[in-house]
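What follows is a set of notes on a single structure, which appears directly below.
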Amino acid sequence: MREVSIIGIGQTDVGEHWERSLRDLAVDAMIAAIKDSHAERVDALYVGNMLSGELTAQEHLGTLLADWGGLGGTEAYKVEAADASGAAAVRLGYLAVASGVHDFVIACGVEKTTDADAETSNASWTYGTDAEYEGNQGVTVPSMAGLLMRRYMHEFEVTHDRFAPFSVIAHANGVNNPHAMYRSPISAESYARAGMIADPISMFDGAPLCDGAAAVLLCPAELARRFCARPVRIRASAAATDRLAVHSRNDPLFLQAAQLSAQRAYLQAGVAPSDVELFELHDAFSILAALSLEACGFAERGKATALAGEGAFDLHGRTPICTMGGLKARGHPIGASGVYQVVEVTQQLRGEAGANQIEAHLGMTQSLGGTGATAITHILEG
Amino acid sequence: MNVARYWRTEKTRYGLVGETCRVCGKPIFPPRDLCPHCTEAGQDLRTFGGRGEVYSFAHVTDAPAGYTEYQPYTVALIKLEEGPLLTAQLTDVDQSDVRIGMPVEMVTRKLKEEGENGMVVYGYKFRPVMHE
Ligand SMILES: [Zn+2]
């Protein structure tokens, strides 16, 4: 296997893009990544997306974006793993370069949710659950997270207000990210006052569905310096799955796939959680941030909210999370979020994170599909 | 919408029919071709008693298309007496009375109405156990 580096990144603003279509957004991100890298050719394109068929009546995305992105003739596919689709595209790109099959690969994540009404996009988001035994019962993605949060509060005797730091951190960091959807800070007091969307999940527990596209350009590490002054090495790429339905998991409060993919990544990179200097995690809901931290070894079980309360995950804390706003404040363009995470860690490792810059050489991303049935982890070094 | 998609799982939804694994002996719900515990094939059908308790719950206020007429409603993880967890709506209960550990029993109710031709899908929901 060859070592793989990121030599180009691109991202659109995250939000409601009434003027721009799915293909416009994706092409913007792809072109930005190509320009950033100075690469002269692209051998393959992997597109991470969950709902283009449902929300915009468009499948065959790989070919569409190769065509409109000026890569006509290039091998291209869409990959789907619910909310982790973008991370899956990065992993497939990594495998293609590492294996020696391709030298220059783009992984692009894109989602366009505002072409459908909110009821339809929320209903479609639920397709990532078990349609026959969860979806059929009228669950929503926020309510599935609510089942986990309520049980967590019960088992670990944690009150709802203890989850506030996750949203507060995300919003504080989103302020300085020009691409973020929300750029205003929130306080623990406003968190406590927020209305419920799927009690116990409040408006400030959940990330907003929206539009956006992000892309990375990968090549063999040995070629990277020819194209990029500060290439970022992918030290580990790992994925794992759990039982799709929450009710079929051994312990719904332990994200086994998150643990498995993180352990595989630590092993591949030869590092421990204490070596990780920033962690872009999947805070689609504050409870998922807590469960991801616990599964990946950054907090003991039941202790993530207490550690967050002590400042461990603040921008200048022990392990900063959501350094550019996370899903909560940057926004959650479903199938694109996994690529945004990789782009943001790359910005940090290159020293291009602006006011949110932290001193770091090793960063980690973890993207979850749904409530954790898929987990994809990457460790990057700059 | 294709009707076969619904009658295929009718026994499971109306009768809470699951399985017992012939190899490891564990109860399985919903039924599967490969045991989720030992991955062996070969199970005997069994009907679950329909009693259990609330393991967790959340209130749905933004229901997906097809379910909006029932909102707000409560979805729950139910721990059946025989062991398995399942996902179901609670019914015949005031949302503010729901508690983790609350004893519940299965009833058959309308789950949703689908499409313009109004196909009605029935299935299990759970309600607080009536005191005898
Ligand atoms: Zn078995």
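Bear in mind these aren't lab numbers, they're just calculated from the coordinates by the rules spelled out. What you see is a predicted model, and the numbers here were worked out from it, not measured in a lab. So basically every Cβ, Gly included, is an ideal-geometry build from the backbone, and we count neighbours across all protein chains shown.
Worth a mention:
- Taken over chain A, the alpha-carbon convex hull comes to 119 cubic angstrom per residue.
- Dipole moment magnitude, nearest 20 debye, the protein assembly as shown about Cα centre, only Lys, Arg, Asp, Glu C-beta charged: 840 debye
- Lysine pairs within region B:3-128, Cα separation less than 20 Å, 8 or more sequence positions apart or different chains: 9
- Residues whose amide H comes within less than 5 Å of that of B:TYR122, counting only those at least five positions distant or on another chain, are B:LEU111 (H built at 1.01 Å from N in the peptide plane).
- Computed from the Cβ-Cβ distance with R0 of 30 Å, the FRET efficiency linking A:ARG318 to A:ARG2 stands at 0.35.
- The C-alpha atoms of chain A define a longest principal axis, and helix A:256-269 lies at about 40 degrees to it.
- Degrees, to the nearest 10: A:337-350 long Cα axis against longest axis of chain A: 70 degrees
- Between region A:41-61 and region A:186-214, the C-alpha centres lie 28 angstrom from each other.
- Summing charges over neighbours of A:GLU222, with a neighbour being any other residue whose Cβ is under 15 Å away from its Cβ, gives +2 when K and R count +1 and D and E count -1.
- Under a 5 Å amide H cut-off, with hydrogens placed 1.01 Å from N, B:ARG46 pairs with B:GLY18, B:GLU19, B:THR20 among residues at least 5 apart or on other chains.
- Burial ordering of A:VAL42, A:VAL47, A:VAL139, fewest other beta-carbon atoms within 10 Å first: A:VAL42, A:VAL139, A:VAL47
- Note, ³J(HN,Hα) from phi for region A:44-61, Karplus 6.51, -1.76, 1.60, rounded to Hz, x at Gly and Pro: 7, 10, 10, 10, x, 7, 9, 10, 4, x, 5, 9, 10, 6, 10, 10, 6, 5
- By the Cβ rule of 4.7 Å, the protein assembly as shown holds the following cysteines without a possible disulfide partner: A:CYS108, A:CYS210, A:CYS219, A:CYS228, A:CYS296, A:CYS322.
- Qualifying trypsin sites (Lys or Arg not before Pro) in region A:193-241, DSSP loop, other Cβ atoms within 10 Å at most 15: A:ARG225, A:ARG226
- Charged side chains reduced to their Cβ positions (Lys and Arg at +1, Asp and Glu at -1) give region A:245-382 a dipole of some 340 debye around its Cα centre.
- You can think of it this way: the chain between A:ARG226 and A:HIS361 has 46.5 nm of extra reach, that is 0.36 nm per residue less the Cα-Cα gap.
- Distance between region A:11-28 and region A:259-335 - C-alpha centres, whole angstrom: 28 Å
- Relative contact order (%) - criterion: Cα under 8 Å, at least six apart; region: chain A: 26 percent
- Rounded tilt (10° steps) of A:286-295 against the dominant C-alpha axis of chain A: 70 degrees
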